[in-house]
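Reviewing the structure listed below.
The values are calculated or read from the model by the stated rules, or taken from the named source; none is laboratory data. Quick caveat: nothing in here was measured; it's all calculated off a predicted structure. Don't worry about glycine lacking a Cβ; one is built from the backbone with ideal geometry, like all the others, and counts go over all protein chains shown. The area values use the complete protein model at the heavy-atom level, side chains included, leaving out ligands, DNA and RNA. Shrake-Rupley method; radii C 1.70, N 1.55, O 1.52, S 1.80 Å.
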Amino acid sequence: MSDPVLVIGAGVAGMTVAAELSDAGIKTVLVERSSTMGGNALDLYKAFPTDDCFYCFEGNRWRPGIRKCFYRSTMTDQPNIDVRTGCEVVDISGSPGEFKVKIAAAPRYIEPKKCTMCGLCVGLSKAFYLVSPQCQPQAVVYNPQRPDEGTEKAERECPTKAINLQAQPFEETLRISDIVIATGYHEMKPVDMVEYGYGKVPNVITQLELAQILDPNGKSGGALIRPSDGSPVKNILMVQCVGSRDESYHPYCSKICCVFALKHANIVMQERGNARVSVVYMDIRTYDRHERYYREARQAGVEFIRGRVTRVERARDDALQITVYDSLLDKYLKFSVDLLVLSSALEPQPDMAGLIEKLGLSSSDGFVKPADQLSENEVVAGDHLYVCGTAAGPAEVPESVTQARAVVSMILQGRA
Ligand SMILES: Cc1cc2nc3c(=O)[nH]c(=O)nc-3n(C[C@H](O)[C@H](O)[C@H](O)COP(=O)(O)OP(=O)(O)OC[C@H]3O[C@@H](n4cnc5c(N)ncnc54)[C@H](O)[C@@H]3O)c2cc1C
Ligand code: SF4
Ligand code: SF4
């Protein structure tokens, strides 16, 4: 019998590979460095193109009837998937088809299979918390940096004995046949772009941060409020191409930020009372079937200004005074808003260069580059090495899923 396939990263791309290989009877080790699967899609509220929950999305962009819900599908109970949350790959040796992969595991303070999510520990100590109602595995998490007087009591009283505060980290070396890189993307935090004041001026946030505010499962319960003081937001200014299409940061277009900005603008205008949205852009790039988000935004009254933000100042009441250069009118405009939302670049994970080097792969703008860009196999990164989802560059969920399925197909062909 062949060795298992290693999938690095349990976002939608990695989970799709693991689930579909598992369905085909192939064993998979799914390594995820955070405590829960799901990746960036965990707290994005509604997903384009269907405006559904993020875990019930189209399986295939050309056959929109096929849907898959990762929330209900019990990834952790699939006999062919060995889920390793809180783990990272620290070394890869051997040869293609016969890799030896060393995995380092963080201490497993809570045994996910034992935790019934009764909430007793969460009530006793702030060190225990639920990452998200959609988290997989369905278990609470322990933060060892925040022990308090209730922590040991929680360990003693956990009805299923799921808590072990003495848990230690450990390493393990596995034999692996194929490696799939599904490590996803990182949303750029534009702290160096002084013109926007991100990280310095209150109420300047990114689109991912806005998604978390709009999410009914988020901290504000979906209420559109200012982070600085919790007061209701009445005006939002969004800025496109922050760190993208910019030679000083990322020269590429991040491809999906126009669509998710419009998605958020529509949610705000249609679902959140009287809040108004203005969008400052260079070009609006709503590719493929997403043009409808632009049409809806115009119909809903979203204001579009072609130009750039030149200055952000904090007013006395925590409102923001923003100067925009309108390149169509050749004029400077002044805005007073509650929230400035930056459509920040999607960039490679910070440790991507190390993984690419370890595996002897090529990179393109820091993302994994296909081995042969001229062939149709955009998911083949090397010999027995594959890439899918946003580890290969900015992509939406349906594209990530389609790529993940292409990886599954390549692996199945290799084993036929
Ligand atoms: C604001 C915003 C809104 C969006 N809205 C939509 C939308 O409405 N519709 C849509 O289709 N798309 C949307 N997207 C895009 C969507 O988030 C991505 O397409 C999707 O999350 C990509 O999934 P992924 O599996 O490739 O990567 P990720 O979701 O980034 O998952 C990667 C996983 O790999 C893990 N990982 C990383 N490095 C390692 C490592 N070295 N070892 C182990 N684990 C690792 C990470 O912890 C993470 O869990 C949006 C994006 C943003 C920023
Ligand atoms: S007390 Fe035990 S079973 Fe209950 S939520 Fe906490 S860890 Fe899980
Ligand atoms: S998708 Fe839109 S906002 Fe994002 S980089 Fe491209 S043009 Fe700019």
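Once the chain is represented by equal point scatterers at the alpha-carbon sites, with solvent omitted, what log10 I(q)/I(0) does the Debye formula produce at q = 0.07, 0.11 Å⁻¹? So the normalised log intensities work out to -0.37, -0.90.
Each residue, Phe170 and Lys153, gets one label point 7 Å from its Cα in the Cβ direction; the gap between the two is 3.2 nm. For region 280-400, the carbon plus sulfur part of the accessible surface works out to 44%, probe radius 1.4 Å.
Solvent-accessible surface of the chain, averaged per residue with a 1.4 angstrom probe and all protein chains in place: 46 square angstrom.
Between Ser364 and Cys118, the contour length at 0.36 nm per residue exceeds the Cα-Cα span by 84.0 nm. Could you check which residue among Gln166, Gln136, Gln321 shows the biggest mean-square fluctuation in a GNM of the chain with a 10 Å Cα cutoff? Residue with maximal mean-square fluctuation among Gln166, Gln136, Gln321: Gln166.
Computed over the chain with a Gaussian network model linking Cα atoms closer than 10 Å, the most mobile of Gly218, Gly86, Gly123 is Gly123. For the chain, the longest principal axis of the C-alpha atoms and the axis of helix 397-415 are separated by about 20°. Among the trypsin sites (Lys or Arg not before Pro) in region 205-273, those located in a DSSP loop and surrounded by at most 14 other Cβ atoms within 10 Å of their own Cβ are Lys219. Annotation note: GluC sites (Glu not before Pro) in region 235-313 located in DSSP loop regions with a Cβ neighbour count of at most 14 within 10 Å are Glu247. Computed from the C-alpha gyration tensor, the three semi-axes of the ellipsoid equivalent to region 188-345 are 21, 19, 16 Å, from longest to shortest.
Comparing Tyr185, Tyr293, Tyr325 in a Gaussian network model of the chain (Cα springs below 10 Å), the most mobile by mean-square fluctuation is Tyr325. Size estimate for region 293-416 follows the Kirkwood approach: the inverse of mean 1/r over distinct Cα pairs works out to 18.4 Å. Anything over 20 Å Cα to Cα? Flag those among Lys200/Lys255; Lys189/Lys369; Lys27/Lys102, in the order listed. Pairs exceeding the cut-off: Lys200/Lys255; Lys189/Lys369. The apolar share of the surface of region 107-231, taken as the fraction of accessible area on carbon and sulfur atoms (1.4 Å probe, ligands and nucleic acids excluded), comes to 52 percent. Taking GluC sites (Glu not before Pro) across region 110-195, the ones in a DSSP loop with at most 10 further Cβ atoms lying within 10 angstrom of their Cβ are Glu149. Taking the C-alpha atoms only, the angle from helix 257-271 to the longest principal axis of the chain is near 70 degrees. A simple spin-label model places pseudo-atoms 7 Å from Cα toward Cβ; at Ala416 and Ala24 they are separated by 1.0 nm. Label zone (Glu111, point 7 Å along Cα-to-C-beta; backbone nitrogen cut-off 15 Å) within region 20-38: none.
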